[in-house]
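Here the structure comes first, spelled out in structure tokens, and everything after it is commentary.
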Amino acid sequence: MNVLAIDTSNQILGIALLKDGELLGEAVTNIKKNHSVRLMPAIDQLMRDVNMTPDQLDRIVAAKGPGSYTGVRIGLTTAKSMAWALNIPVVGVSSLEALAYQGRFFNSYICPFFDARRGLVYTGLYQWQTNKIVQVIEEQNILMEEWLRTLPQENIMFLSQDISLHRKTIEQYLGGHAIIPDGSAHLPNPAHLAFAGMNKQPDETHTLVPNYIRLAEAEANWLKSQKGKQQNG
């Protein structure tokens, strides 16, 4: 089975190709450039590099959020459009779950998170059990300090491209129980996204939607204004 994975849900732009469970190739950039302009050329180049054509794909896996609202939409829309055109299954995988794969050799809890501004984070708690990732606490949008107070006082690996923004707070609450690796461990790997979605049940192409966890600020403000108009009407 040939699988294409697409992740533009955060600053990372990552794509990967698997063939029968083996990684054929991947491309990753960690720069602030427009994903909408760079994604399709990156997919085209990677497929050329591994001598594969789109009609040979059997499945497309996409990171469905949480993360950047625009980034999530770009990746998911591209994946759905390709899947529809090729008449193949599409699978949406949590961006947090994909990042949690970075801790697959850690024998305790794994806490991936993305900064959501104003002290908030998108996060959840995972654990690697019998060769699969298991969600221990559901994903949520929550104040980091509130989240840290709910976590077990056990060793927890924290993974995030935004780790520098929250490192002091994490260490303040968890002390020696906070395991914070260095370097690239904090960056999601598109190959992990491919492996995460390889055996999941496919989604319905037209009804697969982003998992923002919370409303986009513009949408929330619009709904608030509409509610005000109804109350005053």
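The values are calculated or read from the model by the stated rules, or taken from the named source; none is laboratory data. What you are looking at is a predicted structure, and each value in this text was computed from that prediction instead of being measured. Quick reminder, even Gly has a Cβ in these numbers, built from the backbone with ideal geometry, and neighbours come from all protein chains shown. Quick note on the areas: whole protein, heavy atoms, side chains included, nothing else; ligands and nucleic acids left out. Shrake-Rupley method; radii C 1.70, N 1.55, O 1.52, S 1.80 Å.
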Whole-percent pair-distance distribution, where bins are 5 Å wide, for the alpha carbons of the chain
1, 7, 14, 18, 18, 15, 11, 8, 5, 2, 1, 0, 0
GNM result for the chain, Cα springs below 10 Å: residue of 189, 34, 51 fluctuating most strongly:
51
Could you run the Debye sum over the Cα atoms of the range 98-144, one equal point scatterer each and no solvent, and tell me log10 of I(q)/I(0) at q = 0.20, 0.25, 0.26, 0.28 Å⁻¹, two decimals?
-0.61, -0.84, -0.88, -0.97
Between 208, 76, 99, where does the largest GNM mean-square fluctuation fall for the chain, given springs only between Cα atoms within less than 10 Å?
208
For the range 60-185, what's the radius of gyration and Dmax over Cα atoms, in angstrom?
15.6, 51
Who wins for biggest fluctuation among 130, 53, 77 in a Gaussian network model of the chain, springs between alpha carbons below 10 Å?
130
The range 95-163 versus the range 1-67: alpha-carbon centroid distance in Å
24 Å
Length released on extending from residue 129 to residue 50, taking residue separation times 0.36 nm less the Cα-Cα span
25.2 nm
So what are the range 1-47's ellipsoid semi-axes, whole angstrom, largest first, if each one is the square root of 5 times an eigenvalue of the alpha-carbon gyration tensor?
20, 10, 8
Low-density loop trypsin sites (Lys or Arg not before Pro), the range 33-71, at most 15 other Cβ within 10 Å, DSSP non-H/G/I/E/B, are 33
The Kirkwood hydrodynamic radius of the range 26-78, taken as the inverse of the mean 1/r over all distinct Cα pairs, in Å, comes to 12.4 Å
Cα-based equivalent ellipsoid, the range 132-222: semi-axes from gyration tensor eigenvalues, Å
27, 20, 14
Which three extents, in angstrom, do the Cα atoms of the range 71-134 have along their principal axes, listed largest first?
42, 37, 13
What Kirkwood hydrodynamic radius do you get for the range 1-97 when you take the inverse of the mean 1/r over all pairs of distinct Cα atoms, in Å?
13.1 Å
In the chain, what percent of the accessible surface is made up of carbon and sulfur (1.4 Å probe, ligands and nucleic acids excluded)?
48 percent
